[in-house]
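Since the structure comes first, as structure tokens, the remarks are kept for the end.
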């Protein structure tokens, strides 16, 4: 890793990773893998590393995750506005469910049926196999655990996208310029997304540079663009919540506070689509204006 290449002691690197809320066993395993590669003159692992950690006992088998021991997250006043309805300049959005830990809301009528259909058609011809950032190398790679197709719109790319960016900015109570471009994802039969966090971990040079430019991600909004016949729920395994996709509805959640703590209760996954297909559009908000890598 970068700090090891700079000559930092292994123990110091592990300590720093734990402070950044890595599970100690994971931090130790990552450092061991890189040290082994350096000593033997081979390339460091790029795909995956086998790390021995105890599985979580509270999550279903499919969504098991290593046990974690982090400082207690300090919940603050939510960014999203209170009340049973959130008013934007062009739409009144009912709040169907609210949760405090994590800060989460299920929202209705975020997009109209016509807007959902228009987004799908604009995105369809631009879809590519979805990629994730390799936490070790910082490079994008196609991940088997995320067998979907996706694309990004530029911020305010067209008048229609600009209208949605404005509404979503008002809904999420963050400036438009703090938002990453809208991402449309398509999941076909048997496609799913395994448990993950949306916040960025500074475990590679790409994430470190992105955090320096734009700050941490602070909140996410996932809008469902179609009704899913069966499966495809958004699952929060730490709190036992599953949200059924319904066209035009959305789930909003926060995971970063002013102390730079990260809320691990925001762990989430997309259940397997067992019948039909699933379309969603996602918006991530940053602490500062978003500046893409060049």
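Points worth noting:
- Residue-level analysis places residue 254 outside the set of residues that are farther than 18 Å from residue 184 by Cβ, touching a strand residue (DSSP E or B) at 6+ places or on another chain (Cβ under 7 Å) and surrounded by fewer than 22 Cβ atoms within 10 Å (Cβ to Cβ).
- Any hit, the stretch 69-79, residues being surrounded by fewer than 17 Cβ atoms within 10 Å (Cβ to Cβ), in contact with a helix residue (DSSP H, G or I) (Cβ under 9 Å, 6 or more places away or on another chain), modelled with pLDDT under 95 and under 30 Å from residue 260 (Cβ atoms): yes
- Check on residue 240, surrounded by fewer than 16 Cβ atoms within 10 Å (Cβ to Cβ), farther than 23 Å from residue 150 by Cα and modelled with pLDDT of 95 or more: yes
- Selection from the stretch 144-191 of residues that are closer than 30 Å to residue 257 by Cα, surrounded by fewer than 15 Cβ atoms within 10 Å (Cβ to Cβ) and modelled with pLDDT under 95: 145
- In the stretch 200-211, the residues that are touching a strand residue (DSSP E or B) at 6+ places or on another chain (Cβ under 8 Å) and part of a loop (DSSP other than H, G, I, E, B): 200, 204
- Any hit, the stretch 260-283, residues being assigned to a loop (DSSP other than H, G, I, E, B) and at pLDDT below 95: yes
- Output for the stretch 80-111, where each listed residue is in a strand (DSSP E or B), surrounded by fewer than 15 Cβ atoms within 10 Å (Cβ to Cβ) and either touching a strand residue (DSSP E or B) at 6+ places or on another chain (Cβ under 7 Å) or modelled with pLDDT under 95 (or both): 85, 92, 94, 97
Residue-by-condition table, conditions (1) under 29 Å from residue 156 (Cβ atoms); (2) assigned to a loop (DSSP other than H, G, I, E, B); (3) under 13 Å from the mean Cα position of the chain (by Cα); (4) assigned by TED's automatic domain parsing to the domain that holds residue 100:
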| position | (1), (2), (3), (4) |
| --- | --- |
| 186 | yes, no, no, yes |
| 191 | no, yes, no, yes |
| 198 | yes, yes, yes, yes |
| 213 | yes, no, no, yes |
| 221 | yes, no, yes, yes |
| 227 | yes, yes, no, yes |
| 258 | yes, yes, no, yes |
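- Consider the stretch 217-232 and keep the residues that are in contact with a strand residue (DSSP E or B) (Cβ under 8 Å, 6 or more places away or on another chain) and surrounded by fewer than 18 Cβ atoms within 10 Å (Cβ to Cβ). The one that is modelled with the lowest pLDDT is 229.
The values are calculated or read from the model by the stated rules, or taken from the named source; none is laboratory data. All values reported here derive from a predicted model rather than from experimental measurement. Glycine gets a Cβ as well: all are built from the backbone with ideal geometry, and neighbour counts include every protein chain shown.
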